[in-house]
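So the structure is just underneath, and the comments pick up after that.
The values are calculated or read from the model by the stated rules, or taken from the named source; none is laboratory data. Note that this is a predicted model, so its numbers are computed, not measured. Cβ atoms come from the backbone with ideal geometry, glycine included; neighbour counts cover every protein chain shown. Each accessible area value is taken on the protein alone, full model and side chains, heavy atoms only, with ligands, DNA and RNA left out. Shrake-Rupley method; radii C 1.70, N 1.55, O 1.52, S 1.80 Å.
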Amino acid sequence: MPEHILSGIKAIVAMKLRRKGMIQREIAEIIKSDRSIVSHYLSGRYPKRKILNVAKTIEDLPPNYGSKLIHSLTDDKTLAKNLIKELYEVKLTWNDTSCIACGSCLVCVALTLDNFKIKIDENACYLCGSCTLQCPTNSLKFVKEE
C-alpha cells in the first residue's frame with residue numbers, strides 16, 4: 001500500500017511540474033520513474049482516484065508533517081526530497097532571533113551549530129522535517145520558496 005500512496009504523490013508532483021512547462025523526460029528524472037509511468041500520471045490513467053485522494057490529503061498537511069509521511073513511504077532520500085520540494089515548494093530556514101541554541105535540532109546531519117548560529121547545509125538536507133519537530137522555539141521552519 002505505501003508504494004501506491006507514493007505513486008499518488010508522484011502523480012500530483014508530475015502534474016505540477018508539467019504545469020511549470022517541464023517535459024516528460026525532466027519529470028521522470030525528478031520523480032525517479034520511467035517516462036511511460038509519467039505519461040500515465042499526466043493522462044490520469046494511473047493511479048486510482050482513491051490513491052490520489054490520499055495523496056491530496058498529504059499535500060494539504062503542513063510541510064513538516066507531510067515530509068515525515070513522504071520519507072516514511074520510501075527509503076530513497078533524494079526522491080523524498082524532490083517530492084517534498086515540488087509538492088510543498090518549501091525550503092528550510094532558521095530564525096536567529098527566537099533560537100536559544102539548545103542543540104535539539106542537531107539530530108540532523110544537515111545542521112551544525114557554530115558560534116551560536118545554526119548553519120543549514122542545503123545539499124545534506126533531505127527536507128525530512130525532523131529538526132522542525134525537535135525545535136522547542138520553532139526557530140527552524142519550512143517556508144515557501146520565492
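Observations
- Label positions at GLU3 and ASN138, each projected 7 Å from the Cα along the C-beta direction, are separated by 4.0 nm.
- Choice from ASN64, ASN53, ASN123 showing the highest fluctuation, given a GNM over the chain with Cα pairs closer than 10 Å: ASN123
- Subtracting the Cα-Cα distance of LYS56 and ASN123 from their residue separation scaled by 0.36 nm leaves 21.4 nm.
- The long axis of helix 77-88 is offset from the longest Cα principal axis of the chain by roughly 80 degrees.
- Between helix 63-73 and the chain: long-axis angle, C-alpha atoms, 0 to 90°, nearest 10: 60
- 3J(HN,Hα) along segment 125-136, derived from phi through the Karplus expression 6.51 cos²θ - 1.76 cosθ + 1.60 where θ = phi - 60°, amounts to 7, 9, 6, 6, x, 4, 5, 5, 7, 7, 5, x Hz, with x in place of Gly and Pro.
- Positive end of the dipole of the chain (Cβ unit charges, origin at the Cα centre): among LEU92, LEU106, ILE30, the Cα lying farthest that way belongs to ILE30.
- Most mobile of VAL38, VAL54, VAL107 in a GNM of the chain (Cα contacts under 10 Å): VAL107
- Per-residue ellipticity at 222 nm from helix content only, as computed over the chain with -39500 (n - 2.57) for each DSSP H run of at least four residues, stands at -15500 deg cm²/dmol.
- Other residues whose C-beta falls under 11 angstrom from the C-beta of GLN24 contribute a net charge of 0, scoring Lys and Arg +1 and Asp and Glu -1.
- The chain: angle of helix 2-19 to the longest principal axis, Cα-based, in degrees nearest 10: 90
- Residue among ILE84, ILE31, ILE23 with the largest mean-square fluctuation in a Gaussian network model of the chain, springs linking Cα atoms under 10 Å: ILE23
- With N the number of residues in segment 2-88, Rg(Cα) / (2.2 N^0.38 Å) evaluates to 0.97.
- Full-stretch length increase - ILE100, LYS16 - with 0.36 nm per residue and alpha-carbon distance subtracted: 26.5 nm
- The residues of the chain expose on average 58 square angstrom of accessible surface per residue, using a 1.4 Å probe on protein heavy atoms.
- With one equal scatterer per alpha carbon and no solvent term, the Debye-computed log10 I(q)/I(0) for segment 92-144 at 0.20, 0.22 1/Å reads -0.59, -0.73.
- Per atom type, segment 34-74 shows carbon and sulfur on 55% of its accessible surface, probed at 1.4 Å.
- Each Lys or Arg adds one and each Asp or Glu subtracts one; over the other residues with Cβ under 13 Å from the Cβ of LEU113, this totals -1.
- Coil-residue chymotrypsin sites (Phe, Trp or Tyr not before Pro) of segment 87-146, DSSP, other Cβ within 10 Å capped at 11: PHE116
- The Kirkwood hydrodynamic radius of the chain, based on inverse pair distances between different Cα atoms, is 16.0 Å.
- Magnitude of the charge dipole for the chain, about its Cα centre and with charges confined to Cβ atoms of Lys, Arg (+1) and Asp, Glu (-1), is about 640 debye.
- Scaling against 2.2 N^0.38 Å puts the C-alpha radius of gyration of segment 60-118 at 1.29.
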